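Heads up: the structure comes next, in structure tokens.
The values are calculated or read from the model by the stated rules, or taken from the named source; none is laboratory data. What you are looking at is a predicted structure, and each value in this text was computed from that prediction instead of being measured. As a convention, Cβ positions derive from the backbone with ideal geometry for all residues, glycine included, and neighbour counts pool all protein chains shown. The accessibility values were calculated without ligands, DNA or RNA, using every heavy atom of the protein model including side chains. Shrake-Rupley method; radii C 1.70, N 1.55, O 1.52, S 1.80 Å.
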Amino acid sequence: MKGQGLRMAVIGCGYFGEKHADIINELPNAELAAVCDVNEEAAVRLSGKLGCKYYTDIETMLKSEEIDAVSIAVSETYHLDAVRPVAAAGKDILLEKPIARNTEEALEILRLAKENNIRLMVGHVLKWDGRYQYTAEAVKKGELGDVISMYFKRSSTNGTVKRLNGKISMFHYMGVHDFEAMLTFAEPAKPVKVYSQWVGKKNTKYNGKDTVFNTITFDNGIVASIQLCWALPDGSLDFVAYGEVVGTEGVSYIDIKDQGLSIYRSDKPVEYPELTYWPEYYGHVHGKLREEIAHFVTNTLSGEPYVVDNDRAVEAVRTIDACFESLRTGMPAEIRR
């Protein structure tokens, strides 16, 4: 079915951009028209791998190619800069999480989408993780009663913080998943106050924190805690996530640890492959990220609504902004709207 369906381009040829491009190139109802990156070497490499055109300038690509939609997979630092020309050109957008690096830019992105009458979906991949969505459905149906408290934990080794070296915060890189999930489970309640504390014994030399504990209070009395950690030792489990949602009538536990596979080799450290979100086999990317992008393509073509709530994506960033303020002052911070 190539040559039909949704004709797309990918902006950003790094780690996630390559995954987006590979998936789009494989979907039966999508066509990868081009990739774009200011790093020409990266753009050339990816275009050569997937057999599409490459560009180093967004506006040049938009003028040169017939494109229906664009996947933006650059750092959140550049989300607004990338959205501006794409929205002005009237192209629908799949935007990697978080929606932006702060609330002000997030609201501007929503404004641009509305002003230019385009569709926007933020790539919150947990929307395709059954563990989180079964929990969301149980809460929505009232099966857990009224939510009392929530606890989330997301941990990884400090290999990530070494690689990023302060370019992206742990809140935006991985924590935003839990903030968005927390807001989903708490709805219609809204967070009103946060208190964040951090420890830095291992990662400060890489311009990062070891762990941060965030306590979030909601307007209906729910209290939630989100722990983010980038201090697991090399060679340990590379990714650990946990969730607990306690209600007056029940509780839901989410536990993601070794994913059921450990590979030992005589000449290499033990490997714990990522099997949920973007595993690669048969030479291509699979998992929940593929489901996310397929959903964007299918619903863009059909006009059906996306399952991701953009207002909630903004609220996640707004709550993170308050966490940064609390870390800066050492005091609880109110969430301003």
- Among the numbered conditions (1) open to solvent by less than 10 Å² (accessible area, probe 1.4 Å); (2) polar (S, T, N, Q); (3) without any contact (Cβ under 8 Å) to a residue 12 or more places away in the chain, tell me where Ser155 comes up short. (3)
- Query: Regarding Ser252, is this residue at pLDDT 95 or above and either in contact with a Gly (Cβ under 7 Å, 6 or more places away or on another chain) or in a strand (DSSP E or B) (or both)?
  - Reply: yes
- Members of region 71-93 found to be open to solvent by less than 20 Å² (accessible area, probe 1.4 Å), over 14 Å from Glu108 (Cβ atoms) and of a type in the set (A, V, I, L, M), listed by number: Ile72, Ala73
- Consider only pairs whose beta carbons are under 7 Å apart and that are at least six residues apart or on different chains; among these, list those whose first residue lies in region 264-285 and is touching a residue at least 12 places away in the same chain (Cβ under 8 Å) and whose second residue is basic (Lys, Arg) and open to solvent by less than 60 Å² (accessible area, probe 1.4 Å). Thr276/Lys288; Tyr277/Lys288; Trp278/Lys19; Val285/Lys19
- Give the residue that is least open to solvent (accessible area, probe 1.4 Å), with candidates limited to residues of region 240-261 that are among the polar types (S, T, N, Q) and either in contact (Cβ under 8 Å) with a residue 60 or more places away in the chain or at negative phi (or both). Ser252
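Got a sec? Which of Ala313, Ala322 is under 20 Å from the mean Cα position of the chain (by Cα) and closer than 16 Å to Trp128 by Cβ?
Working: Ala322 fails: closer than 16 Å to Trp128 by Cβ.
Exactly one residue qualifies, and that residue is Ala313.
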- Subset of region 262-302 (residues that are open to solvent by 60 Å² or more (accessible area, probe 1.4 Å) and aliphatic (A, V, I, L, M)): Leu275, Leu301
- Go through region 3-30 residue by residue and tally those that are of a type in the set (A, V, I, L, M) and without any contact (Cβ under 8 Å) to a residue 60 or more places away in the chain. 1
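For every residue, the table says whether it meets (1) open to solvent by 10 Å² or more (accessible area, probe 1.4 Å); (2) among the aromatic types (Phe, Trp, Tyr); (3) modelled with pLDDT of 95 or more.
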site	(1), (2), (3)
Asn165	yes, no, no
Ser169	yes, no, no
Phe179	no, yes, yes
Thr184	yes, no, yes
Glu187	yes, no, yes
Val192	yes, no, yes
Asn203	no, no, no
Thr215	yes, no, yes
Trp230	no, yes, no
- Given (1) in a loop (DSSP other than H, G, I, E, B); (2) at pLDDT 95 or above, where does Ser236 come up short, assuming only one miss? (2)
- Answer from Leu228, Leu237 - the residue that is over 25 Å from Ile320 (Cα atoms), hydrophobic (A, V, I, L, M, F, W, C) and touching a residue at least 12 places away in the same chain (Cβ under 8 Å): Leu237
- Query: Which condition number does Thr160 fail, the rest of (1) part of a loop (DSSP other than H, G, I, E, B); (2) open to solvent by less than 50 Å² (accessible area, probe 1.4 Å) being met?
  - Reply: (1)
- The one condition in (1) open to solvent by 70 Å² or more (accessible area, probe 1.4 Å); (2) at pLDDT 95 or above; (3) closer than 17 Å to Val297 by Cβ that Gln4 fails to fulfil: (2)
